[in-house]
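Contents: one structure, followed by commentary.
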């Protein structure tokens, strides 16, 4: 029988000649991958381990199982190359039986450096290097379920609903001479599969019926069946695999959205990256569990596992908790002609390793891959991936998350079964209301396309506060206003099959240096360390959760300069009562959002109640703004030469108050704007913006914005050197009379 032993302890890690003792999981970017681009190390490091060969009976096989090594690695045993693997987010195994000695020296070379063939290479998140998931030593009999095929378990379960019943198709793959497989479903019964040869593989096929099958009903009732597959030879069990599956069916309607088991089931989703502050991606089971509980506490029922295959344990949790999952490979941002084979192998691994998960509804081909345009090679790569998904798993849909720059008439939009767009109107470009218009226009022009919103969000550094929030100010207040609008927008458009807030948690993005807190993407509704929920978290809870609560917004905005301030409450209760210094201010009825204006003169206790529910905070009237509430005005790289004074008498000149469109209509102004945009896009998140083409529809939105607003939106302080020099450069360009 199979014996699995943890192989996580007693490793020697070496980076740039320095050796340390570590236990797995481990990443070498836990600190430098979260502090900005300057110190971020991408390259080759090694892990070494000495071990004795376990006692093996005649014919037994010995495997090393790596659950995740980012992003490429080479496995050496006793000086011999045992295997190589490209792709940092999937399981792979190495049969080391023939290379074993009594005493063994194992060395794993791990590389997260740049190349042109393994995804991801450019993206807005940190590519943590290391053996960051568990490693196991597995001993099997000579005959065993296949451990070599793309990291799968060798047992694949497909439920087919027939009225109230379900027929469960089981396919097994094995190696060796075993001739039969026993399938046992707890509480249902058993069947036996005959093992035959098919295309050089040992395959067992069979079916078992479940009468009045208990459906997997998402959050309401995530019922799972437990199946055991026993590999037999002469009635002796040689190997055994346990798996769980759910009986469910689902559909996407272009007018009515997502349906689970025939019932409308709007997907209220969030996206999630697999990292934490100070830990990187070397997460423990408890951390995965904590993330799931935080997501569920907000009332979400779906997760987009961005932008790669997540840990098997996380998918298990989603199955058990009834969370609908979007699964994808890291084919992202920039297409590489030399990376086609890697996209196909990563998709095969994703499907093979996760086929039995009831939570997963789609296999996503790529994310924002058209940043630098659509080429024939890129389009062909996606056609191959789409065909592969349908061939390997005809029971799920293919999907794709499109960059908001992608024209809606592109062939990429209609290629997969379901479509998602990542829209950031109200943050990067345009206004919040442009999201509404975009969806209304898209649905009118393409009524047959099943459309979802796969990303949207606004950055917020939790210490930044403002009584007058504006787009681009990174305040907690603006982020909350943005999400208030988005939730209202979703509620009136049932054809949107699902929405995925970007992001549930702040995460590391080594290429970023924004708002005085480099190395992070701050769009999370919860801080990177999981310790603080931003106000925006609670507006989702007000819309999505049935757990009664009241929440006072602005608790971190303690020092207030205004004489009359706004008190805002989020709640899922029909009425709330506000108290100030023990005196009742008033009771309001409504839904989700409740606001009051109150005058402040000193330090005040603010409390809100609804029945037995309550929340309270302290605020204080101050004469001067608290500087901690504002983005630092540190100077950044300037893009322009020092301006020279010029006689301006008799002419009108451009300024930061003019729109981008008006400035670009002037030849000199256009040259200046082109120079500025080239510099900005080249620096965006580590250079990802280089070569980006902005479609006409979006340029129309951008062009109507004043330069002063665009600079603020880009996080450029008005008194920064580059803003001052831009203003001076514009002030030398004459307008037409």
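Just so you know, all these numbers are worked out from the coordinates, no wet-lab data involved. Keep in mind that this is a model prediction, so the values were computed, not measured. Note: ideal-geometry Cβ built from the backbone for every residue, glycine included; neighbour counts use all protein chains shown.
Just to confirm the number: angle between the C-alpha axis of helix 433-445 and the first principal axis of the chain, 0 to 90 degrees, nearest 10?
The helix 433-445 is inclined about 60 degrees to the chain.
Just grab the label-to-label distance for residue 395 and residue 732, each label 7 Å out from Cα along the Cβ direction, in nm (one decimal).
6.8
For a quick protection proxy, order the peptides 310-321, 2-13, 605-616 by their average other-Cβ count within 10 Å, most packed first. Don't jump to the answer; show the numbers that get you there.
Values: 310-321: 20.5, 2-13: 14.7, 605-616: 16.4.
With the highest mean Cβ count within 10 Å placed first, the list reads 310-321, 605-616, 2-13.
Could you compute the FRET efficiency for residue 293 and residue 16, with r as their C-beta to C-beta distance and R0 at 41 Å, rounded to 0.05?
Working: r = 39 Å, r/R0 = 0.94.
My answer for the efficiency is 0.60.
Using all alpha carbons of region 3-142, what is the percent of pairwise distances in each 5 Å bin, ordered from the shortest bin to the longest?
2, 10, 19, 23, 19, 12, 7, 5, 2, 1, 0
With runs of 4+ DSSP H residues as the only contributors, calculate the mean residue ellipticity of the chain at 222 nm using -39,500 (n - 2.57) per run, divided by the residue total and rounded to the nearest 500. Before the final figure, lay out the partial values.
Numbers: 13 runs with 145 residues, N = 737.
Computed mean residue ellipticity for the chain: -6000 deg cm²/dmol.
Between the alpha-carbon centers of region 164-181 and region 506-565, tell me the distance in whole angstrom.
Measuring centre to centre over Cα atoms gives 49 Å.
Once the Cβ-Cβ distance between residue 6 and residue 657 is put in as r, and R0 is 56 Å, what FRET efficiency do you end up with, to the nearest 0.05? Can you show the working numbers first?
Working: r = 64 Å, r/R0 = 1.14.
Efficiency at R0 = 56 Å is approximately 0.30.
Given Cα pairs under 8 Å that are at least 6 residues apart, what percent is the relative contact order of the chain? Intermediate results must be reported in sequence, preceding the final value.
Details: 1722 pairs, mean separation 78.3, N = 737.
After rounding, I find 11 percent.
Report, in whole Å, the centroid distance computed from the Cα atoms of region 259-295 and region 125-162.
21
Using the alpha-carbon atoms, what tilt in degrees (0 to 90, nearest 10) does helix 667-683 show relative to the longest principal axis of the chain?
Tilt relative to the chain: about 40 degrees.
Relative to the first principal axis of the alpha-carbon coordinates of the chain, what is the inclination of helix 476-491, with its axis defined by its Cα atoms, in degrees from 0 to 90 and to the nearest 10?
That helix lies at roughly 70 degrees to the long axis.
Quick check: Cα centre of region 571-613 to Cα centre of region 410-454, how many Å?
Between the Cα centre of region 571-613 and that of region 410-454, the gap is 38 Å.
If R₀ is 30 angstrom, what is the calculated FRET efficiency for the pair residue 387 and residue 116, using the beta carbon separation as r and rounding to 0.05? Walk me through the intermediate numbers first.
On the way: r = 24 Å, r/R0 = 0.81.
E(calc), rounded to 0.05, equals 0.80.
Hey, quick one: spin label on residue 236, modelled 7 Å out along Cα-Cβ, who in region 55-80 has an amide N within reach, i.e. under 17 Å?
The answer is 56-61.
Using a ≥ b ≥ c from the Cα gyration tensor of region 542-608 (square roots of the eigenvalues), is it rounded, prolate or oblate, where a/c under 1.5 gives rounded and otherwise the larger of a/b and b/c decides, a/b for prolate?
prolate
Normalized C-alpha radius of gyration of region 443-594, against 2.2 N^0.38 Å?
Details: Rg = 17.1 Å, N = 152, 2.2 N^0.38 = 14.8 Å.
Cα Rg divided by the expected 2.2 N^0.38 Å: 1.15.
Can you give the convex hull volume of the alpha carbon atoms of region 219-325 per residue, in Å³?
Numbers: hull volume 16.3 nm³, N = 107.
Per residue, the Cα convex hull of region 219-325 comes to 152 Å³.
How long are the semi-axes of the ellipsoid equivalent to region 250-547, from square roots of 5 times the Cα gyration tensor eigenvalues, in whole Å, largest first? If you can, show how the numbers build up before the last one.
On the way: eigenvalues 150, 98, 83 Å².
Value: 27, 22, 20 Å, ordered largest first.
Could you list 211, 157, 324 so that the one with the fewest beta carbons within 10 Å of its beta carbon is first and the one with the most is last? Kindly include the intermediate steps, with their values, before the conclusion.
Values: 211 9, 157 22, 324 26.
Lowest to highest Cβ neighbour count: 211, 157, 324.
What is the gain in length, in nm to one decimal, between residue 58 and residue 559 on full extension, counting 0.36 nm per residue of separation less the C-alpha to C-alpha distance?
Gain on extension, residue 58 to residue 559, equals 172.9 nm.
For the residue pair residue 719 and residue 180, what label-to-label distance in nm results when each label sits 7 Å from Cα along the Cα-to-beta-carbon direction?
Those two pseudo-labels are separated by 8.4 nm.
Averaging sequence separations of C-alpha pairs under 8 Å and six or more residues apart, then dividing by the length of region 443-570, give the relative contact order as a whole percent. Before the final figure, lay out each step's value.
On the way: 184 pairs, mean separation 30.7, N = 128.
Relative contact order comes out at 24 percent.
Of 56, 64, 415, how do they rank once you tally other Cβ atoms within 10 Å and put the fewest first? Don't skip to the end; give the middle numbers.
Details: 56 12, 64 20, 415 16.
The most exposed by this proxy come first: 56, 415, 64.
Dividing the Cα convex hull volume of the chain by residue count, how many Å³ per residue is that? Don't skip to the answer; put the middle values down first.
Values: hull volume 137.1 nm³, N = 737.
Convex hull of Cα atoms, per residue: 186 Å³.
May I ask you to sort 156, 540 by Cβ crowding, counting other Cβ atoms within 10 Å and putting the fewest first?
Numbers: 156 19, 540 22.
Final ranking by Cβ density, sparse to dense: 156, 540.
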